[in-house]
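None of the figures in this text is laboratory data; all of them are computed from the coordinates on show. Keep in mind that what you see is a predicted model, and the values were worked out from it rather than measured. Note that we place each Cβ from the backbone using ideal geometry, even for glycine, and neighbour counts take in every protein chain shown.
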Amino acid sequence: MTAAGSNKVSNKVDWRALWASGDLARFCFISLGILLHATNETMVATVMPAMVGELAGVQLVGWSLAVYELGAIVAGAAAGRLVSYVALRSNMMVAALLYAAGALICATAPAMPLFLVGRLVEGLGGGALVSLAFVSVERLFQRNIWPLLFGIMSAIWGVAAFSGPMLGALMTEFLSWRWAFGAFTFGGAAMALASFIVLDTPEATKPQAVGGTAPPFPYPALACLAVSVVLIAAAGINVALLRSSLLLALGLIGLALFFRIDALRPRSRLFPSPLFSWRSPLGSGMTMVAAFSVATCTFTIYGPLLLTELHDIPILTTGYIIAAESIAWSILSILIANAPLERERMIIVIGALMIASGLAGFAYAIPVGSIPLILLCALLQGGGFGVCWPFLTRVIVASARDGEQTIASAAVPTMQRIGYAVGAALAGIVANASGFSEGLNREAAADVAGWLFLAFVPLGIVGCIGALRIWGPADRPLEAIG
């Protein structure tokens with residue numbers, strides 16, 4: 001705890017002292033949880049063609065991301081509260097074991113339903129590991145070096161976004177898709193075992209607030225969210241007009257109820273207010289986050305599957321394309337970070353237009369099978385997020401009401417995860433309605449390839465409108481707002 005130096009005002013880090021004290025080793029260890037979770041999250045796309053070929057169940061492909069993100073949302077919300085009652089080390093060990101168990105289930109699954117069970121367990125463990133990593137920084141390190149450590153964590157996300165697709169492609173190409181999940185089984189088990197050795201400080205071995213009162217856990221809201229996502233995903237299996245329409249309507253109503261319940265419980269709420277009001281920068285920004293998160297997960301889920309089935313494009317090539325999207329996000333985030341604040345609105349709008357253009361371009365590029373065009377669309381989509389996301393997050397947090405800034409900062413990634421889960425479920429409906437309900441073949445893939453991306457273009461337009469409305473008609477600078 002003192003390795004960063006005695007000067008609590010300076011943010012200069014004494015790395016030699018940090019290493020000598022063991023704090024640097026602890027930081028590397030807790031960051032491993034982020035690496036495991038994020039790499040796994042991005043890996044699945046490139047193992048999907050081989051996995052579907054062995055397990056069948058192409059109708060359930062959308063569920064693979066939906067249940068993973070759902071587990072991550074629930075566990076992420078729970079982990080931050082559990083450290084008030086259970087030691088950080090114990091929480092980390094249980095989360096790593098859950099993650100390893102989920103990966104093992106996926107690696108040995110004989111059929112798609114059991115694979116999805118494994119994905120849910122993996123999501124619970126991975127979401128908890130990420131949440132506990134951020135809690136660990138707050139508990140184990142001095143405040144003056146938090147920005148640096150959080151910056152390193154962001155870089156780890158970038159590394160994982162690149163390494164995940166590559167790992168999945170290489171494992172599938174030279175071994176088996178099952179070995180990809182087997183590697184995460186060993187990683188999670190090793191992390192659980194190492195928790196006893198590395199997390200040995202009093203701050204890690206004692207509850208955060210013995211006898212204290214922690215914020216209540218949002219059971220009703222998260223239960224409502226889980227049921228809603230499952231209903232939407234279920235609407236896409238064996239598509240029938242009446243049944244699917246009813247399940248989809250119930251799922252969307254459930255989502256609205258989830259946000260309503262969250263708003264009515266201020267002590268356990270996950271989102272700031274007014275959440276989707278276009279009269280405020282926060283509402284317009286959160287609308288943009290939700291719309292683009294739902295709309296853009298389709299390529300990650302179905303892109304490799306469609307390209308392999310339609311055009312016999314190697315899995316390794318699709319892995320490079322997905323990795324390029326992630327790299328564009330990371331590089332442009334760094335390059336644009338120091339842009340003048342007075343250009344925020346223009347930057348956010350440009351980023352939104354890039355995302356929407358990439359999304360719409362996929363509807364043409366994937367059926368055609370042009371690798372340069374597909375790569376361009378991926379770079380536009382990923383680069384658009386890199387351009388606008390840092391400034392969009394700043395707008396949302398800065399325009400939040402007094403006392404809700406912390407909630408607002410956590411709400412952006414939470415909304416992203418909810419968007420990915422809902423988007424994956426909706427993508428399953430579109431894909432199965434377009435042809436995948438009859439099974440995986442070239443003709444069905446050709447029908448799915450066009451409709452799957454066109455169906456989400458309206459949400460891309462909503463995201464662009466949200467970007468244009470962030471400052472409202474007056475176009476006033478952020479500093480003038482609240």
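Taking N as the number of residues in the stretch 340-459, what value does Rg over Cα atoms divided by 2.2 N^0.38 Å take?
Details: Rg = 17.5 Å, N = 120, 2.2 N^0.38 = 13.6 Å.
My calculation over the Cα atoms of the stretch 340-459 gives 1.29.
Would you please put 455-464, 420-429, 317-326 in order of how densely packed they are, using the mean number of other Cβ atoms within 10 angstrom per residue and starting with the highest? Display every interim value, and only then the final one.
Values: 455-464: 19.9, 420-429: 27.5, 317-326: 22.9.
Ranking, from highest mean packing down: 420-429, 317-326, 455-464.
Can you tell me the Rg and the Dmax, both Å, for the Cα atoms in the stretch 269-482?
17.8, 56
Any idea how far apart Leu252 and Leu454 come out in nm if each label point goes 7 Å out from Cα toward Cβ?
2.0 nm
Starting from the Kirkwood Rh over alpha-carbon pairs, what translational D in µm² s⁻¹ does the stretch 219-264 have by Stokes-Einstein at 4 °C and 1.567 mPa s? Walk me through the numbers before you get to the answer.
Values: Rh = 10.5 Å.
It diffuses with D of about 123 µm²/s by this estimate.
Let's see if you can work this out: charge +1 on each Lys and Arg Cβ, -1 on each Asp and Glu Cβ, no other charges. What is the dipole magnitude of the stretch 269-482 about its Cα centre, in debye to the nearest 20? Provide the component values of the computation, followed by the final result.
Details: 10 positive and 12 negative charges, 121 e Å.
Charge dipole of the stretch 269-482: 580 debye, to the nearest 20.
Would you tally the net charge around Trp63, using a Cβ to Cβ cut-off of less than 12 Å, leaving Trp63 out, and scoring K and R as +1, D and E as -1? Please list the in-between numbers first.
Details: positive: Arg119; negative: Glu69.
Local net charge: 0.
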